[in-house]
Amino acid sequence: MNAGPAAFPDRETTAARFSSFGETDQAFVKLLMESSEQDENLIEGLHRHLDLASQTRFLNSLKLEKLGEWLGNEAPARLQMRLMEAARSSQHPAYQAFRTGLTRSGGLQRAFKT
């Protein structure tokens with residue numbers, strides 16, 4: 001009986017890791033990025049985190065920029081386009097802050113060198 005990719009971590013767990021994003025959380029996210037089978041869970045968790053950030057009364061744009069920059073520097077090439085798509089999926093300042101950090105990292109350019 002082959003169930004396919006694991007449903008854990010779910011998007012809520014991944015979003016919570018992005019929210020706190022300490023050293024342990026960074027190690028967790030790096031582990032997720034090692035397996036392409038976890039790409040959907042990672043991207044869904046990122047969307048959930050950005051959605052939750054966009055609903056808060058106080059937007060911590062610096063934290064979102066740092067998250068974007070870290071992901072842009074750490075994520076493998078196969079994820080760079082999907083990260084940028086997530087960053088561009090809304091005009092809300094939370095998404096714009098994440099996109100600023102992601103762009104600053106240069107990850108997309110490194111992934112698609114000409």
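The values are calculated or read from the model by the stated rules, or taken from the named source; none is laboratory data. If you're wondering where the values come from, they're calculated on a predicted model, not measured in any experiment. Cβ: placed from backbone, ideal geometry, glycine included. Neighbour counts: every protein chain shown. All accessible areas refer to the heavy atoms of the entire protein, side chains included, with ligands and DNA or RNA removed. Shrake-Rupley method; radii C 1.70, N 1.55, O 1.52, S 1.80 Å.
Give the number of residues within the range 36-58 that are over 13 Å from Leu83 (Cβ atoms) and either touching a Pro at 6+ places or on another chain (Cβ under 6 Å) or open to solvent by less than 40 Å² (accessible area, probe 1.4 Å) (or both).
5
Residues in the range 3-36 that are at pLDDT below 95 and of a type in the set (Asp, Glu): how many?
Residues meeting the conditions: 1.
Among Ala97, Ala16, which is the only one that is surrounded by 14 or more Cβ atoms within 10 Å (Cβ to Cβ) and touching a Ser or Thr at 6+ places or on another chain (Cβ under 6 Å)? Spell out the reasoning first.
Values: Ala16 fails: touching a Ser or Thr at 6+ places or on another chain (Cβ under 6 Å).
Unique residue meeting the criteria: Ala97.
Counting just the residues of the range 84-114 that are assigned to a loop (DSSP other than H, G, I, E, B) and without any contact (Cβ under 8 Å) to a residue 12 or more places away in the chain, which one comes out farthest from Arg48 (Cα to Cα)? Working first, answer last.
Step one: of the range 84-114, the residues assigned to a loop (DSSP other than H, G, I, E, B) are 88-92, 106, 112-114.
From the residues that got through so far, the ones that are without any contact (Cβ under 8 Å) to a residue 12 or more places away in the chain too are 88, 91, 113-114.
Details: Arg88: 14, Gln91: 15, Lys113: 30, Thr114: 33 Å.
Only one residue fits best here, namely Thr114.
Checking Leu64 against (1) touching a Phe, Trp or Tyr at 6+ places or on another chain (Cβ under 9 Å); (2) over 21 Å from Asp10 (Cα atoms); (3) hydrophobic (A, V, I, L, M, F, W, C), which single condition isn't satisfied?
Of the numbered conditions (1) touching a Phe, Trp or Tyr at 6+ places or on another chain (Cβ under 9 Å); (2) over 21 Å from Asp10 (Cα atoms); (3) hydrophobic (A, V, I, L, M, F, W, C), the odd one out for Leu64 is (2).
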